[in-house]
1. Look through Lys46, Lys68, Lys86 and report the one residue that is over 15 Å from the mean Cα position of the chain (by Cα), open to solvent by 70 Å² or more (accessible area, probe 1.4 Å) and modelled with pLDDT of 95 or more.
2. Which one of these is surrounded by 15 or more Cβ atoms within 10 Å (Cβ to Cβ) and more than 14 Å from ligand 1 (Cβ to nearest atom): Val180, Val189?
3. Of all residues in the stretch 209-237 being touching a residue at least 24 places away in the same chain (Cβ under 8 Å) and in contact with a Ser or Thr (Cβ under 6 Å, 6 or more places away or on another chain), which is surrounded by the fewest Cβ atoms within 10 Å (Cβ to Cβ)?
4. Only one residue in Ala115, Ala134, Ala150, Ala129 is farther than 20 Å from Leu235 by Cβ and free of Cβ contacts under 8 Å to residues at least 12 places away in the same chain, so which one is that?
5. Which is buried (at least 17 other Cβ atoms within 10 Å of the Cβ), closer than 20 Å to Val97 by Cβ and within 16 Å of ligand 1 (Cβ to nearest atom), of Val58, Val15, Val27?
6. Is it the case that Tyr177 is under 19 Å from the mean Cα position of the chain (by Cα) and of a type in the set (Phe, Trp, Tyr)?
7. If Met62 passes every condition in (1) within 16 Å of ligand 2 (Cβ to nearest atom); (2) touching a strand residue (DSSP E or B) at 6+ places or on another chain (Cβ under 8 Å); (3) closer than 30 Å to Leu111 by Cα but one, which one does it miss?
8. Could you go through the stretch 124-144 and let me know if any residue there is farther than 30 Å from Glu93 by Cβ and part of a helix (DSSP H, G or I).
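The values are calculated or read from the model by the stated rules, or taken from the named source; none is laboratory data. What you see is a predicted model, and the numbers here were worked out from it, not measured in a lab. No Cβ is skipped: glycine too gets one built from the backbone with ideal geometry, and neighbour counts run over all protein chains shown. These area figures cover heavy atoms from the full protein model, side chains too; ligands, DNA and RNA do not enter into them. Shrake-Rupley method; radii C 1.70, N 1.55, O 1.52, S 1.80 Å.
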Amino acid sequence: MLAIDSGNTRTKWAVFADDGRIQEAGVCLNAELAAFVIPPSWQLCKHAIVANVAGERVAASMTALLKKAGLSYVWAKAEAETLGLKNKYEVPESLGVDRWAALLAAFKRYLNQPACLVVNAGTALTIDAIYQNAFIGGLIVPGFSMMQNALLQNTSAVNPQSGQAKTFPLNTADASYSGVLSAIVGAIVMQADKLESHCQDVPTVVITGGDAAMLMPILTQVFGAKPVLADNLVLEGLYLMERAKS
Ligand SMILES: Nc1ncnc2c1ncn2[C@@H]1O[C@H](COP(=O)(O)OP(=O)(O)O)[C@@H](O)[C@H]1O
Ligand SMILES: CC(C)(COP(=O)(O)O)[C@@H](O)C(=O)NCCC(=O)O
Ligand SMILES: [K+]
């Protein structure tokens, strides 16, 4: 089965074997989808599940690619409950399906844990909480690049691109880079603390998305319990969603 996760920056895909293992995975910038060459492994699949949160243009590109590959496909949607996980969003279907898929994969991975915080560090960065078999709510924060670009585009003297993380930065680049990092890590740590006091237990923190690897070192420093880096969490969740139906 082919799972596709089209976020607002990049489209990630993975071919799953019948036992649920990923046989091949790839990523393509949405801006380069028109030039995407269909991998031979896609031809081994019969069916695809697609999560698109990037709007109509990307949906059209995906439709064209899947038709060219001769694959049947279904658009993944968040639901009120899937595989035993309840979705407490006021309008369950309005939850980003990439968020829902990552929550499902984390829920399955950490079924025996009391609480889990799922961080998806993408174009936007989401921080979602699982407690007592339910998604109980989450934050949407501007992603790392989005925050850096906001500084760049809205100030004349700030260029955070080449900065480094410093405790007390002493130059403009380090000051803005460290500022963006602290804003993001601060939101994650605060939400983990809130979840911990809400459930009187230390939550498992799992992080995925294009910026996850970059955030891991500082998150490992600030969290007692080492956070888990799970690169393909959304794709794993999409596989679970589709397999649950068959
Ligand atoms: N090769 C890359 N191209 C674009 N963004 C990248 C790349 N590598 C890491 N990133 C970072 O990952 C973020 C996008 O992560 P991703 O999970 O693909 O986002 P989305 O799911 O929203 O498309 C970007 O904001 C950027 O900071
Ligand atoms: C929050 C998101 C923009 C994150 O998308 P991404 O950064 O992965 O492109 C996406 O999950 C989305 O469009 N959600 C719909 C609104 C919501 O979840 O409330
Ligand atoms: K994403």
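1. Result: Lys86 is the single residue among Lys46, Lys68, Lys86 that is over 15 Å from the mean Cα position of the chain (by Cα), open to solvent by 70 Å² or more (accessible area, probe 1.4 Å) and modelled with pLDDT of 95 or more.
2. So the residue among Val180, Val189 that is surrounded by 15 or more Cβ atoms within 10 Å (Cβ to Cβ) and more than 14 Å from ligand 1 (Cβ to nearest atom) is Val189.
3. Ranking the qualifying residues of the stretch 209-237, first place goes to Ala230.
4. Ala150
5. From the options Val58, Val15, Val27, the qualifying one is Val58.
6. no
7. (3)
8. No, there is no match, as no residue in the stretch 124-144 is farther than 30 Å from Glu93 by Cβ and part of a helix (DSSP H, G or I).
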